[in-house]
């Protein structure tokens with residue numbers, strides 16, 4: 001594997017605010033409290049409750065009874081997306097954007113439909129547009145980075161990952177923020193992503209997370225141990241017991 005990750009700027013002072021290959025994520029649906037009687041809920045609230053219980057087809061039926069605004073169409077799209085009905089999801093995201101063209105969540109979600117179909121160029125264009133409208137979204141920045149990686153644009157990918165990490169270091173593994181919609185990347189792409197993320201976490205002094213991503217990079221086929229031992233971004237990580245254990249494990253394979 002070639003050295004394609006670009007040295008990241010220091011993220012030790014990253015602000016915690018709010019991507020497997022990194023899962024491409026769609027905007028979440030607000031969860032209605034579980035103890036609320038469904039008889040007292042509006043159709044949209046009932047749909048939200050059903051979404052929280054992963055009853056996506058029933059959620060679609062509920063949302064269809066609600067007044068149709070951009071938010072509702074976007075939620076219907078998310079429900080279809082979870083059912084892997086990509087064409088239907090795209091149709092409803094586009095309906096949301098006909099009503100509200102500058103709706104960043106729907107633009108992001110539309111990008112996720114193209115990512116799922118490996119149309120990474122169009123996904124990148126949509127993610128960039130969504131990020132322009134919502135520059136503080138770590139999820140959209142992570143989605144953009146993943147799409148860049150999928151196109152082999154590693155420099156741009158790690159730059160987007162640095163942005164996402166700076167906004168929220170948990171964005172790459174906190175699956176409670178937004179529902180995950182899997183994309184399609186190769187093991188080699190995943191290994192590059194995981195290695196770059198290990199560098200980011202190592203720079204931030206988050207050793208446990210760095211080790212997790214480095215281990216995942218090995219699991220995905222990363223084989224350049226000399227690079228690991230010489231990478232300046234991993235210098236502090238190499239002095240830890242966790243690193244020694246990981247490398248000992250790799251020698252056994």
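For the list (1) more than 25 Å from residue 82 (Cα to Cα); (2) surrounded by fewer than 20 Cβ atoms within 10 Å (Cβ to Cβ); (3) touching a helix residue (DSSP H, G or I) at 6+ places or on another chain (Cβ under 9 Å); (4) at pLDDT 85 or above, I need the number of the one condition that residue 239 fails.
(3)
Quick one: residue 9 ticks every box in (1) over 18 Å from the mean Cα position of the chain (by Cα); (2) modelled with pLDDT under 95; (3) buried (at least 21 other Cβ atoms within 10 Å of the Cβ) bar one, so which box is it?
(3)
Looking at region 108-123, can you tell me whether even one residue there is farther than 30 Å from residue 161 by Cβ and either over 16 Å from the mean Cα position of the chain (by Cα) or in a loop (DSSP other than H, G, I, E, B) (or both)?
Applying the first criterion (farther than 30 Å from residue 161 by Cβ) to region 108-123 yields none.
No, because not a single residue in region 108-123 is farther than 30 Å from residue 161 by Cβ and either over 16 Å from the mean Cα position of the chain (by Cα) or in a loop (DSSP other than H, G, I, E, B) (or both).
Which residue, of 90, 95, is under 19 Å from the mean Cα position of the chain (by Cα), within 21 Å of residue 47 (Cα to Cα), modelled with pLDDT of 95 or more and surrounded by fewer than 24 Cβ atoms within 10 Å (Cβ to Cβ)?
Details: 95 fails: under 19 Å from the mean Cα position of the chain (by Cα).
Every option except 90 fails the conditions.
The values are calculated or read from the model by the stated rules, or taken from the named source; none is laboratory data. These figures come from a predicted structure and were not determined experimentally. Here the Cβ is made from the backbone with ideal geometry for all residues, glycine too, and neighbour counts use every protein chain on show.
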